[in-house]
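Read-outs: derived from the displayed coordinates by stated rules, not from any lab. Please read these numbers as outputs of a predicted model, since none were measured by experiment. In this analysis, Cβ positions are derived from the backbone assuming ideal geometry, glycine residues included, and neighbour counts consider all displayed protein chains.
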Amino acid sequence: MKTFIKFTAVIATTLLFSVSLYAHHSAAQFDFGNTVLVEGKVMEVRFANPHLRLILEVTDDARGTRDIEFEGHSRNNMRRQGLMPDMFIEGDAVTIRIAPMRNGEDGGYVTALRTPSGEEIGRVSGAD
Amino acid sequence: MPKTKSLIRFGAHIAITSIALFGMLLSSIATAAERPDFTGAWTTYRGNPGAAGGPSRFMGGELKLTPEAAKARQDFISITEGTNHGAGNSCVGGGMPGSMLGSGGYPMEIIQRPEQVFVIYEAHTEIRRFYIGNEAENPDSFFPERNGYSSAHWEGDRLIVETTRLKTQVDSRYPHSNQASIREEYYIDEPLTDGTRVLAADLTMTDPVWLEEPLVTTKRWQALSDYHVLTYECSEPVWLDEMEALYEEAGLEMVQE
């Protein structure tokens, strides 16, 4: 039951952040069914419409350290979810949950974000 | 005596005219009283609290494309599917009927005046104007646009909107040719159990070139109270990127945010 609730919550959050994505372009390149966590240092952020642009410096064993560009929901919907530009700045460490690229390349669609102060916009915690 | 007759005739004429004008005035007051005010912010219809969903985005209706239209649509999908390419991603609004049928995820605002009704869809700040009565002009005197040209009139408590001068669109979930025309019928529907107002619109899109049959559907919204419909700046990042490249090329520092 717990697993079901967790699964439902993740799905709901995903939908929350992605409900209007399809109005802007096809979402087929993102795998919303298998979201993953990514930690990184904010190199650039642009709260914009139709999509948030977030570039993180990410390090992992497979590909080393590099800058990765992520896409997120519109500025308007980010604001409605409680994400504001003063919640983190360049150089901060943040954790994001993303729907990764289906083709395995770097990047993805941000479905949730944890700020340096620990505030969560969307559901970052949960099973990968 | 003839003078008296003439005066009587004149008086009678004035009286009849006054009665007629008074009647017209009463009639117009009565008609105006029937007209609902759609002014306000509206979001996707979710039905009554606790109910298992409800018809929200797109109720009924199925697109039956002609072979010509199906090929045009498929060509578009084949070059864009799985990519970031799309009208919205280029800050271009959906156009009719997508702007209307897709509204609600981002709220919609209506501002109603006797001679014109404005509909503002938050996403991409798409604005439609329904010109009423003398405000409406010959649609053929306007350039075709993605949202077309809309004239409207009241039939009792329903606002009838006729839209033509649409552009051919393959980049829409509701593709159509430039021969398409759309009829919308707006009315206040049954409120939710908590009294929340519900707005509905019956839509019929006909297209002799791209549709085998008219698209017929109903869209519903529910009122939002104490709510801000936001502006939707979208194209600025493109300009900022362009500026940044120019500054970089010139070896100068860009200070604009």
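Look at where the Cα atoms of region B:193-233 and of region B:63-123 average out, and the two centres are 12 Å apart.
Scaling the Cα radius of gyration of region B:160-204 by the globular reference 2.2 N^0.38 Å produces a ratio of 1.57. Summing Lys and Arg as +1 and Asp and Glu as -1 over all other residues whose Cβ lies under 13 Å from the Cβ of residue B:189 gives a net charge of 0. The average projected area of region B:52-158, computed from the convex hull of its Cα atoms over all directions, is 10.0 nm². Across all directions, the average flat footprint of the convex hull enclosing the Cα atoms of region B:115-257 is 13.5 nm².
Let me confirm one metric for peptide B:121-131, namely the mean number of other chain beta-carbon atoms within 10 Å of its residues' beta-carbons.
On the way: counts 0, 5, 8, 5, 1, 0, 0, 0, 0, 0, 0.
Mean shielding by partner chains, rounded to a whole number: 2.
Considering region B:111-160 at the alpha-carbon level, its Rg and Dmax are found to be 11.5, 33 Å.
Partner shielding of B:77-83 amounts to 3, given as the average count of beta-carbon atoms from other chains within 10 Å of each residue beta-carbon. Kindly give Rg over Rh for region A:55-120, based on alpha-carbon atoms, with the Kirkwood expression for the hydrodynamic radius. My calculation puts Rg/Rh at 0.97. A viscosity of 1.567 mPa s and a temperature of 4 °C, combined with the Kirkwood radius over Cα pairs in Stokes-Einstein, give a translational diffusion coefficient for region B:202-257 of 77 µm²/s.
Other chains near A:48-59: what is the mean number of their Cβ atoms within 10 Å of each residue's Cβ? All intermediate terms of the calculation are to be shown ahead of the outcome.
Details: counts 8, 15, 11, 5, 0, 1, 0, 0, 0, 0, 0, 0.
Across the residues of A:48-59, the mean count of other-chain Cβ atoms within 10 Å is 3.
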